[in-house]
Amino acid sequence: DWINFTVFFNKIIDRFEMTKSQKVTFKRDIPNEELYVDIDTDKITQVLDNIISNAMKYSPEGGKITFRIKVLEEELLISVKDEGVGIPKDSVKKIFERFYRVDKARTRKLGGTGLGLAIAKEMVQAHSGEIWAESKEGRGTTVFFTLPYDPNQEDDWE
Ligand code: ATP
Ligand code: MG
């Protein structure tokens with residue numbers, strides 16, 4: 001479906017903001033413009049749900065979560081940044097593998113199967129996008145993904 005990604009992303013963040021605990025704060029760095037993309041909304045909803053629920057799960061008391069959309073030449077760069085526990089350097093690439101969880105002891109009490117990001121990766125790739133993470137232990141994590149975007153699309157319709 002062709003949808004305005006700005007509105008779509010804001011609605012998903014709203015849903016998390018409504019149910020979130022007091023311990024985290026949200027910041028949105030989202031352009032105030034229409035950004036039309038052709039996506040499977042159910043699948044990209046699941047991608048965002050998985051990424052955002054991780055950010056909440058691994059955030060400390062008082063942590064800030066920053067949501068961003070950056071418009072690049074041929075794609076949208078979407079990111080979710082947290083101030084949580086972070087991920088050790090040699091594990092950052094592995095978190096997208098099925099059942100991979102950093103430090104079994106640490107994550108056991110938080111629950112989960114280790115499938116969330118593997119599913120997210122599959123769905124982003126099905127949209128010809130890419131997904132990756134950057135992290136610093138003890139500082140926080142940012143998960144990025146891209147979606148193909150044609151800035152001239154709107155012009156073509158005129
Ligand atoms: P599930 O999503 O299936 O409930 P999960 O959250 O453990 O379980 P993934 O979402 O695939 O699984 O994440 C894999 C692992 O990557 C997590 O167990 C955790 O160790 C690490 N991880 C993912 N996101 C973050 C984050 N924002 N901060 C710190 N660690 C993270
Ligand atoms: Mg998860």
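The values are calculated or read from the model by the stated rules, or taken from the named source; none is laboratory data. Note that this is a predicted model, so its numbers are computed, not measured. Cβ placement follows ideal geometry from the backbone for every residue including glycine, while neighbour counts extend to all protein chains displayed. Quick note on the areas: whole protein, heavy atoms, side chains included, nothing else; ligands and nucleic acids left out. Shrake-Rupley method; radii C 1.70, N 1.55, O 1.52, S 1.80 Å.
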Relative to a virtual label point 7 Å from the Cα of W132 in the Cα→beta-carbon direction, which members of segment 78-100 show backbone nitrogen distances below 13 Å? 92-94
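Keeping the other protein chains in place, figure out the carbon and sulfur percent of the accessible area of segment 8-158, with a 1.4 Å probe.
46
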Label E17 and L110 with points 7 Å out from Cα along Cα→Cβ: what is the distance between them in nm? 2.4
Where the centroid of each part is defined by its Cα atoms, how far is segment 52-105 from segment 14-31 in Å? 15
Please state the charge dipole magnitude for the chain, taken about the Cα centre, from unit charges on C-beta atoms (+1 on K and R, -1 on D and E), reported in debye and rounded to the nearest 20. 1740
Length gained if D42 through T142 is fully extended, taking 0.36 nm per residue and subtracting the Cα-Cα distance, is 33.7 nm
FRET E, pair D1, D29, Förster distance 25 Å, beta-carbon r, rounded to 0.05: 0.50
Could you do me a favour and compute the accessible area per residue for the chain, 1.4 Å probe, result in Å²? 58
What lysines does K27 reach when the alpha-carbon gap must be under 18 Å and sequence neighbours fewer than 8 apart in one chain are set aside? K11, K57, K64, K70, K81
